[in-house]
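Inspection log for the structure reproduced underneath, given as structure tokens.
The values are calculated or read from the model by the stated rules, or taken from the named source; none is laboratory data. These numbers come from a predicted model, not from an experiment. Ideal geometry is used to build each Cβ from the backbone, glycine not excepted, and the neighbour counts take in all protein chains shown.
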Amino acid sequence: MNATAREWLRQRARPHRRWLWLSAAGSLIAAGATIGVAGIIAQAVYQALFAPERLDWAAVLAAGLVLIVLRYSAQGLRDLAGQRLAHAVKGRLRGELLHRAREAGPARLAAQATTGEWIERFQARGEDLTGYYARYLPALQAVILIPLAILITVFWLDWLAGLLLLFAAPLIPAFMAIVGMGAEQIHRQQQAEQDRLAGHFLDRIRALDWLRRARAIEATQSEVVERSHHQRRLTMRTLRVAFLSSAVMEFFSAVAIGMVAIYVGFALFGALDYGPAAELTLFTGLFVLLLAPEYFLPLRQFAQSYHDRAGALAAAEALAPLTAPAEHPAASAAPAIEPPETDPTGAMLALEAVSLRYPGQDALALPRTTLTVEPGESIAITGPSGAGKSTLLALCAGFLQPDEGRVRRHGDAQSFVWIGQQAHLFHGTLRENLQLARREPLSDEEMGSALAQAGLPLTAAELPDGLDTAIGEQRRGLSGGQAQRVALARGLLSGYRLWLLDEPTSALDADTEHALLDTLFGLAREHGLTLVVATHHTTVQARCQRTVNLVGDRDA
Ligand code: ADP
Ligand code: MG
């Protein structure tokens with residue numbers, strides 16, 4: 001499972017490979033500049049001591065300065081390329097997730113994940129990937145390219161010192177791996193807990209109103225506090241391991257640099273006369289010594305970004321199934337909302353012996369049902385709770401595909417108005433909420449007229465600022481009936497002829513229900529709308545031309 005996550009991460013970068021090339025180039029240029037600076041310093045010190053007359057301070061300073069600027073610019077280039085890569089990968093990923101969400105359609109989507117989980121996927125999980133592409137991958141390139149460049153230089157200067165560095169290098173990753181394996185495990189746990197906490201918290205916030213009324217705030221509070229403490233303990237464990245691993249890292253690189261220093265020192269004293277040690281000069285010794293810390297530096301940086309890799313792997317495991325191409329059409333949870341077969345002449349909608357079973361359920365959610373909806377007709381779908389009314393509407397809408405049978409629809413039925421129990425109004429002005437009905441800008445006159453027809457004229461006391469009246473997410477300032485009237489106005493503005501309504505009045509009291517139904521059926525007559533209304537209210541049923549009764553208890 002780890003291997004697939006790794007492969008997934010690698011594949012994500014593939015379309016944006018040019019940023020990887022750029023960051024590799026940055027690493028190489030930085031390595032070259034670093035070697036150059038070390039060489040210049042060693043040379044300058046050597047000349048200052050043994051040949052001061054040949055030393056040109058101005059040239060040394062100028063060259064050193066240029067190389068230092070070059071080194072930091074190249075590092076900047078590498079960082080920039082990493083950031084751009086992360087940005088590109090995340091952008092594409094979000095696009096894919098959105099596409100997936102749209103493919104799944106509202107009916108399946110609600111069953112698949114809570115709002116909190118969706119936010120986690122889009123926001124936090126996406127952010128976890130940043131570290132991998134922006135820091136880990138460039139650090140991985142650097143940890144190969146820079147020590148290699150330095151090693152080649154040192155071998156050319158003095159092969160014994162080169163051998164020392166070569167043998168010291170694997171020590172560090174080896175010890176890192178031992179510590180790192182535990183770290184990854186803990187990190188994964190911490191990630192999973194964080195996700196759960198975020199989703200949990202968000203769902204509680206969304207239900208705040210309800211919790212307050214149910215007097216459950218205190219119980220929720222202590223629950224959230226307990227979970228946060230758990231989360232804190234996990235985070236501290238992750239940090240302890242991270243500190244331990246960097247201490248291990250520092251220790252071994254210090255030891256290795258010390259070994260090189262001892263070698264250079266003994267060789268300069270003439271205490272070693274084996275191989276190149278005998279010919280070691282102050283220039284080569286200093287050069288090698290200056291390069292030794294630079295040799296270990298990328299390894300240390302790599303160790304830091306190893307943490308990013310663990311986070312990204314955990315994120316990849318969560319995200320990979322969401323972006324995987326559906327391999328087995330039968331097993332894929334969400335067939336696209338392919339436009340169902342159109343029937344240009346006949347009925348508005350025709351459901352022919354459709355039936356549907358939700359994945360993992362034994363019983364059919366909707367047993368074999370045949371239904372023809374003629375243009376301008378009004379049909380009540382009745383039946384006890386759980387009989388499949390909402391499922392039938394979702395089939396009409398194309399949110400779900402039937403397991404058996406087929407759905408045919410008129411050209412006019414491709415787009416429709418959907419009204420549920422409670423109007424979904426967004427935080428914003430009334431104008432913004434109505435504008436959602438159509439792509440092109442709507443005039444104030446159109447909006448005012450639609451509102452008046454829906455029984456909520458702009459002169460109403462509840463709309464003090466007319467179209468600019470602010471509406472909260474919780475429909476602040478509007479009663480349930482008025483919110484439904486806004487939904488009616490939005491439906492009218494859309495111009496669609498097919499209206500699918502799922503228990504539109506079940507949240508209203510009897511008087512409000514009657515008034516709203518008067519308006520709804522009046523509009524339907526006037527504009528020739530086709531209504532399909534799921535309801536268990538006889539008041540709705542009485543006004544419809546036809547009733548389809550779904551029977552509740554049945555066998556699978
Ligand atoms: P109604 O709207 O008439 O109350 P539904 O169409 O919502 O009925 O549900 C019909 C049956 O399908 C019920 O038994 C319900 O438990 C089941 N069901 C509804 N939605 C889902 C879902 N997303 N996943 C699994 N089962 C579901
Ligand atoms: Mg229902």
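Here THR372, THR391 are screened, and the one residue that is outside any loop (DSSP other than H, G, I, E, B) and away from ligand 1 (no atom under 16 Å from the Cβ) is THR372. Just one of the listed residues (LEU351, LEU400) is more than 7 Å from ligand 1 (Cβ to nearest atom) and modelled with pLDDT under 90, namely LEU400.
Restrict the check to the range 524-534 and report whether at least one residue is within 16 Å of ligand 2 (Cβ to nearest atom) and outside any strand (DSSP E or B). Let's see the steps before the verdict.
Start the filter on the range 524-534 by keeping residues that are within 16 Å of ligand 2 (Cβ to nearest atom), which leaves 532-534.
Within this subset, residues satisfying the condition of being outside any strand (DSSP E or B) are none.
No, there is no match, as no residue in the range 524-534 is within 16 Å of ligand 2 (Cβ to nearest atom) and outside any strand (DSSP E or B).
Evaluate the range 275-287: report whether one residue or more is assigned to a helix (DSSP H, G or I) and on the phi > 0 side of the Ramachandran plot. Yes: one or more hits.
Among the residues in the range 47-54, are any touching a residue at least 40 places away in the same chain (Cβ under 8 Å) and either in the same structural domain as LEU148 (by TED's automatic domain parsing) or not in a helix (DSSP H, G or I) (or both)? Within the range 47-54, one or more residues are touching a residue at least 40 places away in the same chain (Cβ under 8 Å) and either in the same structural domain as LEU148 (by TED's automatic domain parsing) or not in a helix (DSSP H, G or I) (or both).
Please tell me if TYR72 is surrounded by fewer than 17 Cβ atoms within 10 Å (Cβ to Cβ) and aromatic (Phe, Trp, Tyr). Yes; evaluated as a whole, the condition is true for this residue.
Can you go through SER228, SER245 and tell me which one is small (Gly, Ala, Ser) and surrounded by 17 or more Cβ atoms within 10 Å (Cβ to Cβ)?
Values: SER228 fails: surrounded by 17 or more Cβ atoms within 10 Å (Cβ to Cβ).
Residue meeting the stated conditions: SER245.
Cβ separations smaller than 6 Å between residues 6+ apart or across chains give the following pairs from the range 260-277 residues that are in the same structural domain as ALA169 (by TED's automatic domain parsing) to residues that are surrounded by fewer than 16 Cβ atoms within 10 Å (Cβ to Cβ): LEU272/PHE266; PRO276/TRP159. I'd like to check something: does the range 490-508 contain any residue that is hydroxyl-bearing (Ser, Thr, Tyr) and within 16 Å of VAL540 (Cβ to Cβ)? Yes - at least one qualifying residue is present in the range 490-508. The residues of the range 495-511 that are surrounded by fewer than 17 Cβ atoms within 10 Å (Cβ to Cβ) and away from ligand 2 (no atom under 16 Å from the Cβ), listed by number, are GLY495, ASP509, ALA510, ASP511. Given (1) more than 16 Å from ligand 2 (Cβ to nearest atom); (2) outside any helix (DSSP H, G or I), where does VAL548 come up short, assuming only one miss? The single condition VAL548 does not satisfy is (1).
A single member of VAL540, VAL532, VAL548, VAL486 is surrounded by fewer than 22 Cβ atoms within 10 Å (Cβ to Cβ) and among the aliphatic types (A, V, I, L, M), and it is VAL548. Is it the case that the range 181-190 has a residue that's among the aliphatic types (A, V, I, L, M) and at pLDDT 80 or above? The answer is no; no qualifying residue exists. Within the range 390-408, residues that are assigned by TED's automatic domain parsing to the domain that holds ILE379 and on the phi > 0 side of the Ramachandran plot sit with their Cβ atoms under 6 Å from residues that are aliphatic (A, V, I, L, M) and more than 13 Å from ligand 2 (Cβ to nearest atom), at 6+ positions apart or across chains, in these pairs: GLY398/ILE337; GLY405/ALA353; GLY405/VAL354. Only helices (runs of 4 or more DSSP H) whose full extent lies in the range 414-506 are considered here, and the ones with at least 1 residues that are more than 16 Å from ligand 1 (Cβ to nearest atom) and more than 34 Å from the chain's Cα centre (by Cα) are 444-453, 480-494.
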